[in-house]
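Worksheet for the structure shown next.
Since every read-out is calculated from the coordinates, none of them should be taken as a lab result. Since we're looking at a predicted model, the values are computed, not measured. Reconstructed Cβ throughout: ideal geometry from the backbone, glycine too, with neighbour counts over all protein chains shown.
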Amino acid sequence: MKYLVDTHIALWALFDDPRLSRTTHGILSSAENELLFSVSSIWEIAIKRKLNKLEFVHDPRVIRRYLIDNGYEELPVLGQHVVEVDSLPPIHKDPFDRILIAQAMVEGITLLTTDAVIAKYPGPIRKV
């Protein structure tokens, strides 16, 4: 199965954070699953790092390299994804989360998230 990981799951996987559930860890470690991360997640990390946000202290270059080196595929942000954001109901206001939702919908990839608000959207989203 194909999974697009949200930003927090990508960070938690990198640092083996205890907030990463056993279920999520199982999904991420299964050779049967294809894992993707969005360019928008790296962009989010870069922006929030410069704003001194608590969970975003690590170099986005290191995080990107880790994900690629560990078999994650990088998903670019395409025009189709951006246009799809316009069709989303205003459940969530965070632009980074909204583009992840749109990417999952356009690409038909299940978005893996811990965010209960994101999970309210219709489409291929799995709250773990």
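Pick from the stretch 1-18 the residues that are in contact with a strand residue (DSSP E or B) (Cβ under 6 Å, 6 or more places away or on another chain) and of a type outside the set (Gly, Ala, Ser): which of them is surrounded by the fewest Cβ atoms within 10 Å (Cβ to Cβ)? If we take residues in the stretch 1-18 being in contact with a strand residue (DSSP E or B) (Cβ under 6 Å, 6 or more places away or on another chain) and of a type outside the set (Gly, Ala, Ser), then Lys2 is surrounded by the fewest Cβ atoms within 10 Å (Cβ to Cβ).
Considered as a group, the residues in the stretch 38-62 that are closer than 17 Å to Pro95 by Cβ and not in a helix (DSSP H, G or I) include one that is nearest to the chain's Cα centre (by Cα), and that residue is Ser38.
How about the stretch 73-82: which of its residues are in contact with a helix residue (DSSP H, G or I) (Cβ under 8 Å, 6 or more places away or on another chain) and either part of a loop (DSSP other than H, G, I, E, B) or loosely packed, with under 12 Cβ neighbours inside 10 Å (or both)? If you could, list the steps in order and put the result at the bottom.
So the first thing to find is which residues in the stretch 73-82 are in contact with a helix residue (DSSP H, G or I) (Cβ under 8 Å, 6 or more places away or on another chain), and the list is 74-78, 80-82.
If the condition is that a residue be in contact with a helix residue (DSSP H, G or I) (Cβ under 8 Å, 6 or more places away or on another chain) and either part of a loop (DSSP other than H, G, I, E, B) or loosely packed, with under 12 Cβ neighbours inside 10 Å (or both), then Pro76, Val77, Leu78 are the ones that fit.
Take the residues in the stretch 113-128 that are part of a helix (DSSP H, G or I) and within 14 Å of the chain's Cα centre (by Cα), then tell me which one is farthest from Asp94 (Cα to Cα).
Initially, the stretch 113-128 is screened for residues part of a helix (DSSP H, G or I), giving 118-120.
Next, from what is left, pick out any that are within 14 Å of the chain's Cα centre (by Cα): 118-119.
On the way: Ile118: 10, Ala119: 14 Å.
Filtering first and then ranking leaves Ala119.
Answer yes if at least one residue in the stretch 45-57 is farther than 19 Å from Ile27 by Cα and touching a Leu at 6+ places or on another chain (Cβ under 7 Å), and no otherwise.
In the first step, residues of the stretch 45-57 are kept if they are farther than 19 Å from Ile27 by Cα; the result is 45-57.
Keeping just the survivors that are touching a Leu at 6+ places or on another chain (Cβ under 7 Å) gives 55.
Yes: the stretch 45-57 contains one or more residues that are farther than 19 Å from Ile27 by Cα and touching a Leu at 6+ places or on another chain (Cβ under 7 Å).
Checked against (1) among the small types (Gly, Ala, Ser); (2) surrounded by 15 or more Cβ atoms within 10 Å (Cβ to Cβ); (3) in contact (Cβ under 8 Å) with a residue 24 or more places away in the chain, Ser21 passes all but condition (2).
Would you confirm whether any residue within the stretch 55-63 is surrounded by fewer than 16 Cβ atoms within 10 Å (Cβ to Cβ), without any contact (Cβ under 8 Å) to a residue 12 or more places away in the chain, touching a Phe, Trp or Tyr at 6+ places or on another chain (Cβ under 9 Å) and farther than 19 Å from Pro122 by Cα? Within the stretch 55-63 (the criterion being surrounded by fewer than 16 Cβ atoms within 10 Å (Cβ to Cβ), without any contact (Cβ under 8 Å) to a residue 12 or more places away in the chain, touching a Phe, Trp or Tyr at 6+ places or on another chain (Cβ under 9 Å) and farther than 19 Å from Pro122 by Cα), the answer is no, since none of the residues qualifies.
Of all residues in the stretch 98-108, exactly one satisfies the criterion of being surrounded by fewer than 19 Cβ atoms within 10 Å (Cβ to Cβ) and either assigned to a strand (DSSP E or B) or among the aliphatic types (A, V, I, L, M) (or both), namely Val106. Evaluating Ile45 against the criteria (1) surrounded by 13 or more Cβ atoms within 10 Å (Cβ to Cβ); (2) under 20 Å from Ile109 (Cα atoms); (3) not small (Gly, Ala, Ser) leaves one unmet condition, (2).
Could you grab me the full set of residues in the stretch 1-26 that are assigned to a loop (DSSP other than H, G, I, E, B) and closer than 17 Å to Ile118 by Cβ? Even if it seems obvious, please write down each step before you answer.
In the first step, residues of the stretch 1-26 are kept if they are assigned to a loop (DSSP other than H, G, I, E, B); the result is 1, 6, 15-21.
Once the filter is applied, which keeps residues that are assigned to a loop (DSSP other than H, G, I, E, B) and closer than 17 Å to Ile118 by Cβ, the stretch 1-26 yields Asp6, Arg19, Leu20, Ser21.
Scanning the stretch 27-37 for residues that are in a helix (DSSP H, G or I) and surrounded by 12 or more Cβ atoms within 10 Å (Cβ to Cβ) returns Ile27, Leu28.
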